[in-house]
Amino acid sequence: MSRARMIYEELTKGDGDARWERIERLVTDRETESLWLDFKEVRQPTALPNEDYLKDKLARAISGYANTEGGVLVYGIYAKDGKKGEPDAAEKITPIEKPGRFRAALEKLAVTLTDPVVGGI
């Protein structure tokens with residue numbers, strides 16, 4: 001199992017409360033970004049991923065992960081810049097008001113951002 005798959009499985013197992021606790025722990029533990037884990041801030045709770053700043057970040061992440069063994073994007077967490085030479089670390093949760101709607105829009109958009117289309121998103 002790839003490192004990205006292990007991170008994904010850990011974050012998504014269990015019920016909603018357990019998953020939320022793990023997301024909160026990313027922030028309280030100041031988890032750092034890595035080759036397999038990236039945090040994306042959502043500036044407005046009602047934002048959708050087709051807004052330019054989110055669309056650009058998604059396209060870059062998909063391209064980057066397509067050239068490696070994959071990775072996990074966690075939307076709704078602001079990562080503070082690390083000191084020079086250090087990775088960014090989870091700083092705060094930036095909630096998404098309608099996560100189901102956000103996810104549906106994200107999945108629809110993802111297949112339009114690369115050519116060829118990257119599968120398994």
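Observations, loosely collected:
- Selection within the range 76-95 - open to solvent by 40 Å² or more (accessible area, probe 1.4 Å) and within 23 Å of Gln44 (Cα to Cα): Tyr78, Lys80, Asp81, Asp88, Glu91, Lys92, Ile93, Pro95
- Of all residues in the range 100-121, those that are outside any loop (DSSP other than H, G, I, E, B), among the aliphatic types (A, V, I, L, M) and either at positive phi or open to solvent by 80 Å² or more (accessible area, probe 1.4 Å) (or both) total 0.
- Asn67 in contact with a helix residue (DSSP H, G or I) (Cβ under 7 Å, 6 or more places away or on another chain) and loosely packed, with under 14 Cβ neighbours inside 10 Å: no
- Positions within the range 32-53 being within 19 Å of Ala90 (Cβ to Cβ), surrounded by 14 or more Cβ atoms within 10 Å (Cβ to Cβ), touching a Phe, Trp or Tyr at 6+ places or on another chain (Cβ under 8 Å) and not small (Gly, Ala, Ser), in sequence order: Glu33, Phe39, Lys40, Glu41, Val42
- First in the range 98-116 and free of Cβ contacts under 8 Å to residues at least 24 places away in the same chain, second anywhere and among the small types (Gly, Ala, Ser) and not in a loop (DSSP other than H, G, I, E, B), Cβ under 7 Å, 6 or more apart: none
- Residues in the range 1-31 that are under 13 Å from the mean Cα position of the chain (by Cα), open to solvent by less than 60 Å² (accessible area, probe 1.4 Å) and hydroxyl-bearing (Ser, Thr, Tyr): Thr12 alone.
- Complete set of residues in the range 37-54 that are modelled with pLDDT of 85 or more and closer than 30 Å to Ser2 by Cβ: Leu37, Asp38, Phe39, Lys40, Glu41, Val42
The values are calculated or read from the model by the stated rules, or taken from the named source; none is laboratory data. This is a predicted model, so every value here is computed, not measured. Because the Cβ atoms are built from the backbone with ideal geometry, glycine has one as well, and the counts that use them run over all protein chains shown. Please note that ligands, DNA and RNA were not included when accessible areas were found on the heavy atoms of the full protein model with its side chains. Shrake-Rupley method; radii C 1.70, N 1.55, O 1.52, S 1.80 Å.
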